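Below is one structure; the comments refer to it alone.
The values are calculated or read from the model by the stated rules, or taken from the named source; none is laboratory data. Since this is a predicted model, take the numbers as computed values, not measurements. Virtual Cβ from ideal backbone geometry, glycine too; neighbours counted across all protein chains shown. Side chains included, ligands, DNA and RNA excluded: accessible areas come from the protein's heavy atoms. Shrake-Rupley method; radii C 1.70, N 1.55, O 1.52, S 1.80 Å.
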Amino acid sequence: MSTHATPPAKTPAAPAAEPVQGYDPVALAESLAKAAEKGAKLMGEFAKRQSASGKTLLADELGIGKAFLELASKMMSNPMRVAESQMTLWWNYMSLWQSSLMRMMGAPTGPVAEPHKGDKRFRHEDWEQHFLFDFIKQSYLLTARWLHDQVASVEGLDDTTKRKVDFFTRQYIDAFSPTNFALTNPEVFRATIASGGQNLVRGLHNLLDDIERGNGKLKISMTDSKAFELGVNIATTPGKVVFRNELIELLQYTPTTPKAWKRPLLIIPPWINKFYILDLREKNSFIKWCVDQGISTFVISWTNPDAKLAQADFEDYLRKGTLAALDAVEAATGEPDVNALGYCLGGTLLAATLGYMAAKKDQRIASATYMTSLVDFRQTGELEVFIDEQQVASLERKMEERGFLEGSEMATTFNMLRSNDLIWSFVINNYLLGRDPFPFDLLHWNCDATRMPAAMHSYYLRNMYMKNALREPGALTLAGVPMDVTQVTTPTYCVAAIEDHIAPWKST
């Protein structure tokens, strides 16, 4: 909450209705009828799938219900604190009413509550200049901060439960932001009046299209997928496949300079997404930059596994991934060593590879660069909310049925970590404003998720996230070698990203 005074803003009249341009009630009715028909079809298909699977929608696989029951119990054990907090909220509302009435009468007054500096939800000028929307905004901010403070101040909860209730309380708060509803979002309100509601009808079609695209589950379109084509305007750096096995293809990119550096570069990207995160459009392609510096560059492209690779584990990714790639680079270039770069999950594998090579006295990696990579998993940020025994066991049961984890399921988890940016902003743009998503190469890559083998992903979650075993000498054994990354003496450079919501920068 902020009580700093700001210059008084003149209270404008209610938003004026702009003239409806090209409003066609017949076309609008036809569009609504088509939407209703498509919606009925999707609902029927969903009901049929649920009946066939015999699954219930009430299973608390994330343990949310249990966590909040424990929270309620702790809160009710101290009724005096609950009463005091409710009185505090009441006084805050009274302050807001007083401030708003003074503003209505033309008296200078500052806001009772302001959005955080990085909050992009309330950028539209009406949130500040129009009395009604300003009141709605401040009322929401007061309630949201009170609710969050209530949850955060409860004593007696264990750390896991405390993190869980804190995270999902914020999800609830974000979901009920007035920006997410047509009548309380001034930008949507004006667009609805101006178009005669056509924006909402277009948005309904966008919503149904996304449900259809997700086979009955909502799969929000984050970008215009038709705007990008691999090898045409994204991932365009010329390269060739020089090695292939059941887990990888090794791509080689030849330097564009007259002279080239002797030692090649091996890039190990994460297998949770496609390799071309490092080869987006020409202006922001790291791979193109490398070859333009005269660096012979090799990149691992991981397979998108199906049920046949269900038993592929972390050891397989070591042997058939990094170690096989090192052999292939030497075969292609004749050079005995490489500089290695691991990105995200690929960096974790790089560290394990170096631990293996240190024990084997293998010095083929001359230097190691880690880009937003976790090796020590003590502080993994808000992903911890999704990684405990109950949730991992539930995930393992799902993976056992299919043999893999769907990439879309992991993507949903990641998106929840930044729900306002990666979920609700698209709900507003696509469904309330009825606009098409903006073409953005990074989001196109982000939506192009891959599956993960059941055995590998289970091993990774349990041994890295839950046990943090990679940093403990001898706690893990891979390919018959006890891991001890403390014995690695390879020159190392680490890159961390402050805004990374998956791998916290202090940990990486």
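Taking the Cα centre of the chain as the origin and placing charges on Cβ (Lys, Arg +1; Asp, Glu -1), which of 317, 142, 453 is farthest toward the positive end of the dipole?
So the residue furthest toward the plus end is 317.
Cα to Cα, under 15 Å, and not fewer than 8 places away if on the same chain: which aspartates and glutamates meet these conditions relative to residue 240?
Of all the aspartates and glutamates, those that pass the test against residue 240 - Cα under 15 Å, at least 8 places apart if same chain - are 249, 279.
For residue 262, give me every one of the aspartates and glutamates with a C-alpha distance below 17 angstrom, ignoring sequence neighbours fewer than eight places off in its own chain.
Leaving aside aspartates and glutamates fewer than 8 places away in the same chain, those within reach of residue 262 are 292, 327, 330, 335, 337.
For the chain, what is the mean residue ellipticity at 222 nm derived from helices alone (per DSSP H run of n ≥ 4: -39500 (n - 2.57); sum divided by total residues; nearest 500 deg cm²/dmol)? Numbers along the way, then the final one.
Working: 16 runs with 212 residues, N = 508.
It lands at -13500 deg cm²/dmol.
Which ³J(HN,Hα) values, rounded to whole Hz and listed in residue order, are derived for the stretch 430-444 from phi using the Karplus coefficients 6.51, -1.76 and 1.60 in 6.51 cos²θ - 1.76 cosθ + 1.60 with θ = phi - 60°, glycine and proline given as x?
7, 9, 8, 8, x, 9, 7, x, 6, x, 9, 4, 5, 6, 4
Under the Karplus relation 6.51 cos²θ - 1.76 cosθ + 1.60, θ = phi - 60°, what is the ordered set of whole-Hz ³J(HN,Hα) values for the stretch 118-134, x standing for Gly and Pro?
x, 7, 8, 5, 10, 6, 4, 4, 5, 4, 9, 8, 9, 4, 5, 5, 5
Could you derive backbone 3J(HN,Hα) for the stretch 217-222 from the dihedral phi with the Karplus parameters 6.51, -1.76 and 1.60 (θ = phi - 60°), listing whole Hz in sequence and x where the residue is Gly or Pro?
Listing the rounded values in order: 10, 5, 10, 5, 6, 9 Hz.
I'd like the orientation of helix 324-333 relative to the chain: the angle between its Cα long axis and the longest Cα principal axis, in ° from 0 to 90, rounded to 10.
60 degrees
So what's the angle, to the nearest 10 degrees on a 0 to 90 scale, between helix 159-175 and the longest Cα principal axis of the chain?
Value to nearest ten degrees: 50.
Quick one: putting +1 on the C-beta of Lys and Arg, -1 on the C-beta of Asp and Glu, what dipole do you get for the stretch 380-466 around its Cα centre, in Debye to the nearest 20?
Here the size comes out at about 100 debye.
Do the alpha carbons of any pairs in 274/360; 74/162; 120/164; 117/283; 288/361 sit beyond 22 Å of each other, and which pairs?
In this structure, 274/360; 120/164; 117/283; 288/361 lie more than 22 Å apart at Cα.
For the stretch 150-298, give me the percentage of DSSP beta bridges that are antiparallel, rounded to the nearest 5 percent.
65 percent
Find how many whole Å separate the alpha carbon centroid of the stretch 253-292 from the alpha carbon centroid of the stretch 149-218.
Cα centroid of the stretch 149-218 versus Cα centroid of the stretch 253-292: 38 Å apart.
Sequence gap at least 6, Cα distance under 8 Å: using those rules, report the relative contact order of the stretch 174-285 to the nearest whole percent.
It rounds to 15 percent for the stretch 174-285.
For the chain, calculate the relative contact order in percent as a whole number, restricting contacts to Cα pairs under 8 Å that are 6 or more residues apart.
Relative contact order for the chain comes out at 17 percent.
Which aspartates and glutamates, on any chain, are close to residue 217 with Cα under 14 Å apart, when same-chain ones fewer than 8 places away are left out?
Of all the aspartates and glutamates, those that pass the test against residue 217 - Cα under 14 Å, at least 8 places apart if same chain - are 45, 209, 406, 409.
If amide H atoms are built 1.01 Å from N in the plane of the peptide, which residues on other chains or at least 5 residues away come under 5 Å of the amide H of residue 234?
Result for residue 234 returns 229.
Report, to the nearest 10°, how far helix 186-195 tilts away from the longest principal axis of the Cα atoms in the chain, using its own Cα long axis and a range of 0 to 90°.
Taking Cα atoms only, the helix is inclined about 80 degrees.
Within the chain, what percent of beta bridges assigned by DSSP are antiparallel, to the nearest 5? Intermediate results must be reported in sequence, preceding the final value.
Details: 15 of 33 bridges.
Once the DSSP bridges in the chain are tallied, antiparallel ones form about 45 percent.
Keeping the other protein chains in place, figure out the carbon and sulfur percent of the accessible area of the stretch 218-354, with a 1.4 Å probe.
Carbon-and-sulfur percentage of accessible area, whole number: 50.
From the list (i) 22, 54, 23, 2, 0; (ii) 18, 46, 31, 6, 0; (iii) 18, 42, 32, 7, 1, can you say which value of P(r) over Cα pairs in 20 Å bins from 0, in percent was derived from the structure given?
(ii)
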